[in-house]
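Taking it in order: structure first as structure tokens, then the write-up.
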């Protein structure tokens, strides 16, 4: 039986263990997953990071460009950052308008981030992946964002399944979060059923 729950605080304590010794050696990392709708709320994000003792933030709808002030400030304050801004059309590269979309993984000092190249370019959602390491432990963290303005299609599920399949080739545990814009509380919705079935089939695959 599978049980799907919604965590109101968006906080999950994830045990991360690397089998590198006779006895497992690992640690607990606290991840926060948030649809932030602009990194311009940076001070609020940093307050959340400290108040909730987060190790890693998985962010979507960051509305940033790679050279945005919030990204530079994260680096200046000692955070690790792996980010992917939504590509702007060439004619709009120097535009000052909001660059909607965008995903990022931000880690506190002492938690190492290394970008992971999954070698996939989905057309229905944005994503970023990084290896999160702390001491002898590591995991692969992934953030996805499927815009609410785009319909949920068969292609979305196919591309998401391909992403998870590629990630499954890594020996590290996987932490996947983000915003698929699917109403998971609506158990009878066909999109909800498709989403849950996808991850059930992955979880039960030998």
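Computed from the coordinates by the stated procedures, all read-outs in this text should not be read as laboratory data. If you're wondering where the values come from, they're calculated on a predicted model, not measured in any experiment. Methodologically, a virtual Cβ is constructed for each residue, glycine included, from the backbone with ideal geometry; neighbour enumeration extends over all protein chains shown.
Observations, loosely collected:
- Compared with the alpha-carbon gap, the fully stretched path from residue 170 to residue 119 is longer by 17.0 nm at 0.36 nm per residue.
- Extended-chain gain in nm, criterion 0.36 nm per residue less alpha-carbon gap, residue 41 and residue 97: 18.5 nm
- Relative contact order for region 76-152, counting Cα pairs under 8 Å that sit 6 or more residues apart, in percent: 29 percent
- If you plug the beta carbon distance of residue 196 and residue 153 into 1/(1 + (r/R0)^6) with R0 = 22 Å, you get a FRET efficiency near 0.80.
- Residue-span extension gain [residue 112 to residue 66] - 0.36 nm each, minus C-alpha spacing: 14.6 nm
- Label-point separation, residue 50 to residue 187 (7 Å along Cα→Cβ), nm: 4.3 nm
- Take the Cβ atoms of residue 162 and residue 75, set R0 to 35 Å, and the FRET efficiency comes out at 0.65.
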